[in-house]
Amino acid sequence: GPKVLQIPSHQIIDMGQMVTLNCDPVSNHLYFYWYKQILGQQMEFLVNFYNGKVMEKSKLFKDQFSVERPDGSYFTLKIQPTALEDSAVYFCASSPDWGGGAETLYFGSGTRLTVL
Amino acid sequence: QQQVRQSPQSLTVWEGETAILNCSYEDSTFNYFPWYQQFPGEGPALLISIRSVSDKKEDGRFTIFFNKREKKLSLHITDSQPGDSATYFCAAIANSGTYQRFGTGTKLQVVP
C-alpha cells in the first residue's frame with residue numbers, strides 16, 4: 001500500500017537545540033498531519049497542512065513548533081528550541097483528498113525524539 | 001477533555017476467542033469512526049471504519065457495532081490470532097472537522 005517515509009527514525013538531542021523531523025508523504029497526497037504519541041499511548045493531534053498553509057493546530061503545537069513543505073519536498077516539523085517534554089514519537093500522516101472528514105490517513109513509522 | 005475514550009486499556013485473550021474492544025465519545029457531531037491497528041515500532045494503519053448512518057460494519061473477522069444513541073461502539077475480533085496482538089485505536093471526526101481525534105488505545109494480546 002501507500003507508504004509515508006519518516007526520517008530519521010530516532011533522534012537524540014540536547015534540550016534547547018533545534019530539531020527538524022522529515023516526512024516524505026505519499027505522492028499525490030494533498031493533506032498532511034503531525035501527531036504526537038507518548039509511551040505508545042494516545043495519538044495527540046498537533047497540526048494539519050494543506051496547500052502550503054496550516055489548517056488547524058492544537059494546544060500542543062507550541063510557538064516553538066513550525067511546519068512547512070517547501071516546493072513539494074519533505075513535509076517538516078521543526079522544534080526550536082526543544083524542551084524535555086517534547087520527548088515522544090512523532091507520526092506524520094497524509095491523505096489524498098478531503099473526504100468530508102472521512103479521509104483515510106496513511107501514517108509513517110514515526111520518529112522517536114529524545115530530548116536530554 | 002478526552003473526547004474519545006477506550007476500554008479496557010489492555011486485554012488478553014486466548015487464540016480462537018473473541019476479543020471485544022470498546023469505544024465511547026462525547027461529541028454528537030462525530031459521524032465517522034475509523035479503527036486503527038498499530039504494531040510496535042510502526043505507525044497506525046486503518047483496519048476498519050464505520051459511518052454513523054450504519055449500526056454494523058463487518059470485514060472478515062473484524063466487526064464494528066455502533067450505538068448512536070449511547071455514543072458507543074465496539075470492535076469485535078472473532079477467532080483471535082496471535083498476529084492480532086497490537087494496539088487498537090478508535091478515532092472519530094465530524095463532517096466539519098479537520099482532523100481525527102484518537103482514543104486512548106487498547107493493547108490486545110492474543111495468547112496461543
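The values are calculated or read from the model by the stated rules, or taken from the named source; none is laboratory data. What you are looking at is a predicted structure, and each value in this text was computed from that prediction instead of being measured. Cβ placement follows ideal geometry from the backbone for every residue including glycine, while neighbour counts extend to all protein chains displayed. For the accessible areas, the whole protein counts, side chains as well, though only heavy atoms, and no ligand, DNA or RNA atoms are used. Shrake-Rupley method; radii C 1.70, N 1.55, O 1.52, S 1.80 Å.
Quick rundown of the values:
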{"item": "Scan of the range B:85-112 for residues that are open to solvent by less than 10 Å² (accessible area, probe 1.4 Å) and not aliphatic (A, V, I, L, M), ordered by number", "result": "B:Tyr88, B:Phe89, B:Cys90, B:Gln100, B:Phe102, B:Gly103, B:Gly105, B:Thr106"}
{"item": "Restricting the range A:57-106 to residues that are of a type in the set (Val, Ile, Thr) and part of a loop (DSSP other than H, G, I, E, B), the residue that is nearest to the other protein chains (Cβ to nearest Cβ)", "result": "A:Thr104"}
{"item": "When residues of the range A:70-86 are limited to those that are surrounded by fewer than 16 Cβ atoms within 10 Å (Cβ to Cβ) and not polar (S, T, N, Q), the one modelled with the lowest pLDDT", "result": "A:Gly72"}
{"item": "In the range B:79-90, the residues that are farther than 14 Å from B:Thr12 by Cβ, more than 8 Å from every other protein chain (Cβ to nearest Cβ) and in a strand (DSSP E or B)", "result": "B:Cys90"}
{"item": "Failed item, numbered, when B:Gly43 is tested on (1) under 23 Å from B:Tyr99 (Cα atoms); (2) more than 11 Å from chain A (Cβ to nearest Cβ); (3) open to solvent by less than 40 Å² (accessible area, probe 1.4 Å); (4) small (Gly, Ala, Ser)", "result": "(2)"}
{"item": "Filter result for A:Thr104 (under 14 Å from the mean Cα position of the chain (by Cα) and surrounded by 13 or more Cβ atoms within 10 Å (Cβ to Cβ))", "result": "no"}
{"item": "Residue selected from the range A:30-56 under the condition in a loop (DSSP other than H, G, I, E, B) and either within 11 Å of chain B (Cβ to nearest Cβ) or buried (at least 18 other Cβ atoms within 10 Å of the Cβ) (or both), by the criterion modelled with the highest pLDDT", "result": "A:Gln42"}
{"item": "Among the candidates B:Phe30, B:Phe102, residue that is of a type in the set (Phe, Trp, Tyr), within 14 Å of another protein chain (Cβ to nearest Cβ) and closer than 26 Å to A:Arg112 by Cβ", "result": "B:Phe102"}
